[in-house]
Structures are given as C-alpha cells and as structure tokens.
Amino acid sequence: MSGDSSASKSLLWMTAGLFVGLGTLVGGGFYMAYRVFPVFVARATPDNRTVRTPAGDFRVENPGQIGPGLPVYPQASLLMPVEHGHPTTSPPLPTDMVSTNYYASDSRSLVDSWYRDHLSPEFVRQDAGQDPLPDILRDAQVSPEDVAFLGERGDQVRIVVLALEPNGTRISLLRFSKETSKEATKDSSKESN
C-alpha cells in the first residue's frame, strides 16, 4: 500500500510542478509583452507621411510619389524633410520636383568618386565653381559651390547634388520634368515685372 501512496504523491508533485512551471512561463511571457510591446509602437506625424519608431523613422510614399530613383551612397543616412518646405524668399521650384536628401560623413571627393562610378553615362558632371551654371541647375536652385551630376532623358531631369557640410557631405537627389521647370521660370519672371 505504501508503494502506491508514494507513487501517487510523486505524480501529484510532478503535476503541480508542471502547472507551476507552465504558469511561470506564460506569466513571464505576458509580463515581457506588457513591458516590450509599447516600445515598438509606431506613431505617424501630422502629415501621415512619416512613421516614427524606436528603430528609426520611415517615410511613407504612394507609388506615384517614390523618390527620384537614383543610386544612394552606401554610407549615407536619410535626412527627414523640413515640415514647411522652402523659405518664401526663394524663387519657385518646379511643382513636380521630387527630392530626397541624405547625409554622409565621408568627404565630398570620396562621395563624388562613388557617384562617378555608379551613375550611367547620360549624367554630366558639373564641377563646383564651374561657370556658367546651366539654366536647368539654376531652376533647381543648385548652388554654384556644389558638385552636380545632371542627367536628362526626354522630358525627365535627374540631378545628384553634392554639397559640403561641416563634417561630411549632403547628397540631394532631385527629379522633375523640363516643362514644369519652364512654367516655374515664366511665373517667377511675371511676378518680378
């Protein structure tokens, strides 16, 4: 009789241990979920185009709004757009201009060399300080002190601008059509008269 009693007590303790172990695992899982999931909450900005997460900020675009479609320097990090756009004193930009800005901690000469190797032959390089600056670069408000790669295919204009920053290089990727650039130039000349 005592053999059956000790076996049933062992079975009872093993069953109790199993339930306590499972309860601890499930309870620990719920506690971790309660503590960890709020960290992964994504919040949208007021314009609903940028999602901010602890892992980083993501820009949400519709298929028709995808960036300029140019190669991005590998060590570059995306700069979030300014909420209010360009200052009111600047001349009007082409209305369909799509621009994306990046920052690289590498020197402009290193970034320049990378883009020389990775852009197609249709891109023409404009050196910093090169005079005269082509009209299309002036329309896009590219500074004469910046290095620019200008690519034109039909009505489509694509520009890679490399600007000096205190500790690296600012890379601007631009895309717009020639027709809207001409319209913006005409509108600005009418306003100045």
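Things worth noting here:
- Here is the figure for the stretch 112-168: residues that are without any contact (Cβ under 8 Å) to a residue 40 or more places away in the chain and assigned to a loop (DSSP other than H, G, I, E, B) total 19.
- Against the conditions (1) closer than 18 Å to Val98 by Cβ; (2) at pLDDT 85 or above; (3) part of a helix (DSSP H, G or I), Ala184 satisfies every one except (2).
- Flag for Ser109 being of a type outside the set (Phe, Trp, Tyr), open to solvent by 40 Å² or more (accessible area, probe 1.4 Å) and not in a loop (DSSP other than H, G, I, E, B): yes
- Conditions (1) under 14 Å from Val161 (Cβ atoms); (2) surrounded by fewer than 16 Cβ atoms within 10 Å (Cβ to Cβ); number of the one not met by Thr100: (2)
- Test: residue in the stretch 5-22 that is loosely packed, with under 10 Cβ neighbours inside 10 Å, modelled with pLDDT under 80 and not in a helix (DSSP H, G or I): no
- Residue list for the stretch 125-142, restricted to those being open to solvent by less than 40 Å² (accessible area, probe 1.4 Å) and closer than 18 Å to Ser107 by Cα: Gln126, Ala128
The values are calculated or read from the model by the stated rules, or taken from the named source; none is laboratory data. As the structure is a prediction and not an experimental result, all values here were calculated from the model. So basically every Cβ, Gly included, is an ideal-geometry build from the backbone, and we count neighbours across all protein chains shown. Just the protein is used for accessible areas: all its heavy atoms, side chains included, with ligands, DNA and RNA removed. Shrake-Rupley method; radii C 1.70, N 1.55, O 1.52, S 1.80 Å.
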